[in-house]
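Asker: Sharing a structure with you now.
The values are calculated or read from the model by the stated rules, or taken from the named source; none is laboratory data. Just so we're clear, the structure is a prediction, and the values are computed from it rather than from any experiment. When we count neighbours, we look across all protein chains shown, and the Cβ atoms used for this are built from the backbone with ideal geometry, even at glycine.
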Ligand SMILES: Cc1ncc(COP(=O)(O)O)c(C=O)c1O
């Protein structure tokens, strides 16, 4: 099998838009892209020029950080863009099927809908104390429904658990030749589970999503990436907008990958894990809290006796958490991002007022 077997037949070998920068790179007198010859007086990044379609230095730095080759990685506008590109590449418009496991990150279903693809939901299992994947059910239903792409979020948003590597491998093996498996590791840095990246060499049906928005503290820069077989990456690149990564974002992302910034990121993650444990314990001690789900990410999913009152009371006090009422399985839950120690103190104080 080749990675191209997971791609729509009409996109195999498709080159996408031939931008000015793609057609000819280099040169000193640039009269090929209808840009302004003069930059703004305040501009230090030559923003009068279009950026590289894939900023090469950033692509190489991200690939080095994730331990892959540059041609296995596509830099995207957050992992949100990668989700959209993967659905476009794997699903024939109006016919494709996308497998998800609810409750899960909403963008898989949103992008599927925008592409007129049907969502095949294989819900997570719950024993009331934690969520887990129905791996056998996922295999059977993906195959029975002919889904061509499956999204699995690990660590899972909003439920917090991770899928052990051995089970991931079982899923990839069973769907080899039939379905592209996308493992979304947006919260991977907060987890002790190994990354799915170690399985890339064995499974051409695997794509891994990464982002600089969470642990790397660059949500505002909109930089993420998808890592997969180079043939699949080439197709995704052809589906991308001509100049997706703005120069200021590329420059900022490069700084976040410097050794110094990476050391600071590791410290920030350690601090977050300490706060996560402290918040978990403190929430459990509150009268109104029924359950705190175990979490491998930078948030806690919490069941309350009175979730709506708590949500409203927090809002009144300027504290914004995420209501989960749109997911029937989480109707009494709030998802709470682990903040700074001060932010967590404020949260706990106001939650206690309502108990
Ligand atoms: C699981 C998951 N995947 C992807 C994203 C998108 O992140 P971004 O587009 O900022 O990389 C999010 C954002 O919250 C997320 O929770």
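Asker: Would you mind stating whether residue 245 is modelled with pLDDT of 95 or more, assigned by TED's automatic domain parsing to the domain that holds residue 160 and touching a strand residue (DSSP E or B) at 6+ places or on another chain (Cβ under 7 Å)?
Answerer: Criteria met by residue 245.
Asker: Sort out which residues of region 3-37 are touching a helix residue (DSSP H, G or I) at 6+ places or on another chain (Cβ under 6 Å), under 29 Å from residue 178 (Cα atoms) and assigned to a loop (DSSP other than H, G, I, E, B), and write them in order of number.
Answerer: Residues satisfying the conditions are 7, 12, 14, 15, 16.
Asker: To continue, here is another question. Testing residue 105 on (1) within 15 Å of the ligand (Cβ to nearest atom); (2) surrounded by fewer than 22 Cβ atoms within 10 Å (Cβ to Cβ); (3) more than 20 Å from residue 293 (Cβ to Cβ), one condition comes back false. Which one is that?
Answerer: (3)
Asker: If I filter region 177-199 down to residues being more than 10 Å from the ligand (Cβ to nearest atom) and assigned to a loop (DSSP other than H, G, I, E, B), which single residue comes out as surrounded by the fewest Cβ atoms within 10 Å (Cβ to Cβ)?
Answerer: Going through the qualifying residues, I end up with 192.
Rundown of residues vs (1) in contact with a strand residue (DSSP E or B) (Cβ under 6 Å, 6 or more places away or on another chain); (2) at pLDDT 95 or above, yes/no style:
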site	(1), (2)
173	no, yes
178	no, yes
182	yes, yes
193	no, no
204	no, yes
217	no, yes
222	no, yes
225	yes, yes
239	no, yes
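Asker: Checking the condition surrounded by fewer than 21 Cβ atoms within 10 Å (Cβ to Cβ), farther than 14 Å from residue 227 by Cα, at pLDDT below 95 and outside the structural domain of residue 149 (by TED's automatic domain parsing), which residue from 46, 33, 39 passes?
Answerer: On inspection, the qualifying residue turns out to be 33.
Asker: Output the number of the condition that residue 13 fails; it satisfies all remaining conditions of (1) without any contact (Cβ under 8 Å) to a residue 60 or more places away in the chain; (2) away from the ligand (no atom under 16 Å from the Cβ); (3) on the phi < 0 side of the Ramachandran plot.
Answerer: (3)
Asker: Return the residues of region 109-135 that are surrounded by fewer than 14 Cβ atoms within 10 Å (Cβ to Cβ) and in contact with a helix residue (DSSP H, G or I) (Cβ under 9 Å, 6 or more places away or on another chain); say none if nothing qualifies.
Answerer: Correct list: 114, 125.
Asker: Return the pair list, or none, for Cβ contacts closer than 9 Å from residues in region 77-88 that are assigned by TED's automatic domain parsing to the domain that holds residue 243 to residues that are within 8 Å of the ligand (Cβ to nearest atom) and in a helix (DSSP H, G or I), at least 6 apart or on different chains.
Answerer: So the pair list comes out as 78/219; 79/107; 80/107; 83/107; 84/107.
Asker: Among the helices (runs of 4 or more DSSP H) contained in region 222-326, which hold 2 or more residues that are without any contact (Cβ under 8 Å) to a residue 12 or more places away in the chain and closer than 25 Å to residue 69 by Cβ?
Answerer: 259-284
Asker: Given the conditions (1) touching a residue at least 60 places away in the same chain (Cβ under 8 Å); (2) over 27 Å from residue 250 (Cβ atoms), which single one is not true for residue 140?
Answerer: It fails just one condition, (1).
Asker: Given (1) within 16 Å of the ligand (Cβ to nearest atom); (2) on the phi < 0 side of the Ramachandran plot; (3) in contact with a helix residue (DSSP H, G or I) (Cβ under 6 Å, 6 or more places away or on another chain), identify the lone condition not met by residue 220.
Answerer: Of (1) within 16 Å of the ligand (Cβ to nearest atom); (2) on the phi < 0 side of the Ramachandran plot; (3) in contact with a helix residue (DSSP H, G or I) (Cβ under 6 Å, 6 or more places away or on another chain), only one is false for residue 220: (3).
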